[in-house]
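Shown next, in structure tokens, is the structure this report addresses.
Taken together, the values in this text are just the output of simple stated rules run on the coordinates, not laboratory data. Note that the structure is predicted; figures quoted are calculated from it, not measured.
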Amino acid sequence: MSNAPVQVVGAAIRKDNTILCAQRGPSKSLAGYWEFPGGKIERGETPEQALQREIKEELLCDIEVGPKICSTQQDYDFGTIELTTFLCSLASGEPALTEHTQLRWIPVNQLSTLDWAPADRKTVENLTTANWINKQENND
């Protein structure tokens, strides 16, 4: 068995000045922690394709994948993951609760009030630091 980190992607889905936050269900590892929805990259997929597939499966809606926010590596008791998170927007549909305990649209400046899974904390830090989102818009 290789100890290479598992490649996962997360979506910071933005609507106005809020970001969609998802609380992990009780049957999942890291139960109760908040995360940016997403999942594992399957063989042959780009990170963007994986994210679109995972969001369609988990939240039953379609997203547009925007700029990469950050990548972070995190060791857990079940293994190491390398999480790459992207700023996304809804393309169609509304996020539906299927796997998570709850979904909340949280204002960007309040993201740090949630109890985030360790791998997602760097993304929260980036999103809430010095108007990261506004800088992205000026680069489009």
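Enter the Cα centre distance for the pair segment 1-67 and segment 74-123, rounded to the nearest angstrom.
Their Cα centres are 7 Å away from one another.
How many percent of all Cα-Cα pairs in segment 6-139 sit more than 19 Å apart?
More than 19 Å apart: 45 percent of the Cα pairs in segment 6-139.
Taking the DSSP beta bridges in the chain as the whole, what percent of them are antiparallel, to the nearest 5? Working shown, then result.
Values: 25 of 35 bridges.
Of those bridges, close to 70 percent are antiparallel.
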